[in-house]
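The values are calculated or read from the model by the stated rules, or taken from the named source; none is laboratory data. Keep in mind that this is a model prediction, so the values were computed, not measured. We place every Cβ from the backbone using ideal geometry, glycine too, and count neighbours over all the protein chains shown.
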Amino acid sequence: MAMKKDPAPVEIAWQHTPMAKGGKPFFPENPVVASPFWLHQVRGWQWETKVVTPTLQYLREGHIRYEIDGREFEVFKGGSFFFRPGQSVKGRDVGGIPVTMLGTHFTRYPLEDLPRGIANTTIRQTELFESLADHAVAWRQMRGAIPKRQCEAAIRMLYAIFLGNLEVPVVDPDERKIHDLLESIRMKPAAHWPVERMCEETRIGRTRLTRLFHELTGVTPNRFVIQVRVAKATQLLRMTDMPVAEIANELGYSDVYFFHRQFSKFAGSSPSRYRRQGSSRSGG
């Protein structure tokens with residue numbers, strides 16, 4: 001009986017991994033605190049690069065919009081990408097929601113295991129994945145051969161989980177209904193979206209709908225609707241001269257003061273201040 005060949009080794013790029021300072025990556029002088037790494041609760045996160053080092057990325061908290069080689073992706077909790085050298089990547093947070101993500105850079109990896117094009121998936125085993133990531137990052141901070149081997153073993157498991165999720169299509173019909181519902185909410189953020197309506201449209205019970213919602217987005221149904229509205233509001237504030245009251249009405253808020261409170265809570269500043277900050281950053 002033929003023996004199965006061992007997989008190609010996965011090598012971590014210890015020396016070439018950026019950390020974060022003020023929401024922007026930088027390369028530390030001491031590489032012992034480099035790859036893998038967590039970016040924790042970063043506001044105003046954005047990233048634009050031509051990928052040089054193979055990179056596994058995983059979103060633990062927040063909402064990100066990516067443009068990769070001209071294609072757009074909306075990413076929520078559990079979303080994971082493997083970026084290849086040569087890919088053009090632009091990413092930014094949506095709605096001012098703080099971002100927490102894992103990043104790991106590689107010098108070598110079994111490329112033949114990845115599909116052509118853009119490799120991305122939603123990790124289903126989020127608790128396992130995040131626990132392994134926490135251990136990998138903790139071991140990376142320790143000196144010595146044993147912690148390094150433990151870290152490398154954890155990273156190999158993360159990579160294997162990523163590949164496993166690439167190969168497993170969404171087969172749960174209820175999950176497909178939730179994905180369709182998420183798209184409807186993004187397309188019509190001003191509509192009235194009580195949980196009761198979501199249950200009616202999907203024909204899923206409230207308890208299961210709430211659980212699936214949290215598994216797929218990391219938040220409750222009501223919070224997701226608010227996040228989508230705030231994200232749309234940030235776009236309108238940056239790209240148009242619409243008065244704040246008009247933006248609130250456009251997004252389904254009959255009370256502009258309530259809109260102010262929700263926007264400030266999720267974006268970290270008032271709508272007017274957010275618009276001024278955007279103008280100053282763009283030189284306007």
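In region 232-250, which residue that is touching a residue at least 40 places away in the same chain (Cβ under 8 Å) and surrounded by fewer than 18 Cβ atoms within 10 Å (Cβ to Cβ) is nearest to the chain's Cα centre (by Cα)?
Taking region 232-250 as the starting set, the residues that turn out to be touching a residue at least 40 places away in the same chain (Cβ under 8 Å) are 232-234, 237-238, 250.
Then keep just the ones that are surrounded by fewer than 18 Cβ atoms within 10 Å (Cβ to Cβ); that gives 238, 250.
On the way: Arg238: 22, Glu250: 27 Å.
By that ranking, first place goes to Arg238.
Yes or no: Ile97 outside any strand (DSSP E or B) and within 30 Å of Gln277 (Cα to Cα)?
Numbers: outside any strand (DSSP E or B): yes; within 30 Å of Gln277 (Cα to Cα): yes.
Considered against the rule, which asks whether it is outside any strand (DSSP E or B) and within 30 Å of Gln277 (Cα to Cα), Ile97 comes out as yes.
Among the residues of region 202-217, is any within 20 Å of Glu72 (Cβ to Cβ) and either hydrophobic (A, V, I, L, M, F, W, C) or in contact with a helix residue (DSSP H, G or I) (Cβ under 9 Å, 6 or more places away or on another chain) (or both)? Reasoning before the result, please.
Narrowing region 202-217 to residues within 20 Å of Glu72 (Cβ to Cβ): 216-217.
Now restrict to residues that are either hydrophobic (A, V, I, L, M, F, W, C) or in contact with a helix residue (DSSP H, G or I) (Cβ under 9 Å, 6 or more places away or on another chain) (or both): 216-217.
Yes; the residues of region 202-217 include at least one that is within 20 Å of Glu72 (Cβ to Cβ) and either hydrophobic (A, V, I, L, M, F, W, C) or in contact with a helix residue (DSSP H, G or I) (Cβ under 9 Å, 6 or more places away or on another chain) (or both).
For region 98-107, state whether one or more residues are closer than 30 Å to Arg238 by Cβ, at pLDDT below 85 and surrounded by 14 or more Cβ atoms within 10 Å (Cβ to Cβ). Write out each step before concluding.
Taking region 98-107 first, the residues closer than 30 Å to Arg238 by Cβ are 98-103.
After this cut, where a residue has to be at pLDDT below 85 as well, the list is 98.
With the extra rule that they be surrounded by 14 or more Cβ atoms within 10 Å (Cβ to Cβ), the set shrinks to 98.
Scanning region 98-107, I find at least one residue that is closer than 30 Å to Arg238 by Cβ, at pLDDT below 85 and surrounded by 14 or more Cβ atoms within 10 Å (Cβ to Cβ), so the answer is yes.
Is it the case that some residue within region 128-138 is at pLDDT below 85 and within 18 Å of the chain's Cα centre (by Cα)?
For region 128-138, residues at pLDDT below 85 and within 18 Å of the chain's Cα centre (by Cα): absent.
Given the conditions (1) within 30 Å of Asn120 (Cα to Cα); (2) assigned to a helix (DSSP H, G or I); (3) over 20 Å from the mean Cα position of the chain (by Cα); (4) modelled with pLDDT of 85 or more, which single one is not true for Ala190?
Unmet condition: (2).
Just wondering, is there one or more residues in region 230-244 that are more than 28 Å from Gly79 (Cβ to Cβ), part of a helix (DSSP H, G or I) and modelled with pLDDT of 90 or more? Break it down stepwise before answering.
Narrowing region 230-244 to residues more than 28 Å from Gly79 (Cβ to Cβ): 240-244.
Checking which are part of a helix (DSSP H, G or I) leaves us with 244.
Of the ones still in play, those that are also modelled with pLDDT of 90 or more are 244.
Taking every residue of region 230-244 in turn, at least one turns out to be more than 28 Å from Gly79 (Cβ to Cβ), part of a helix (DSSP H, G or I) and modelled with pLDDT of 90 or more.
Among the residues of region 43-65, what is the count of those that are more than 9 Å from the chain's Cα centre (by Cα) and either closer than 25 Å to His214 by Cβ or of a type in the set (Lys, Arg) (or both)?
We begin by selecting, within region 43-65, every residue more than 9 Å from the chain's Cα centre (by Cα); these are 43-56.
Next, from what is left, pick out any that are either closer than 25 Å to His214 by Cβ or of a type in the set (Lys, Arg) (or both): 43, 45, 50, 56.
Within region 43-65, residues that are more than 9 Å from the chain's Cα centre (by Cα) and either closer than 25 Å to His214 by Cβ or of a type in the set (Lys, Arg) (or both) number 4.
Counting only residues that are over 25 Å from Ser184 (Cα atoms) and not in a helix (DSSP H, G or I), which one in region 245-284 is modelled with the highest pLDDT?
Among those that are over 25 Å from Ser184 (Cα atoms) and not in a helix (DSSP H, G or I), it is Ser270.
Step by step: first the residues of region 138-160, then only those that are touching a residue at least 24 places away in the same chain (Cβ under 8 Å) and not in a helix (DSSP H, G or I), then the one that is nearest to Arg124 (Cα to Cα). Which residue is that? It would help to see each step written out before you state the result.
First, the residues of region 138-160 that are touching a residue at least 24 places away in the same chain (Cβ under 8 Å): 140-141, 143, 151-152, 155-159.
When the remaining residues are screened for being not in a helix (DSSP H, G or I), the result is 141, 143.
Values: Gln141: 27, Arg143: 32 Å.
Among those residues, the one meeting the criterion is Gln141.
If you scan region 187-231, which residues turn out to be over 23 Å from Val94 (Cβ atoms) and in contact (Cβ under 8 Å) with a residue 60 or more places away in the chain?
none
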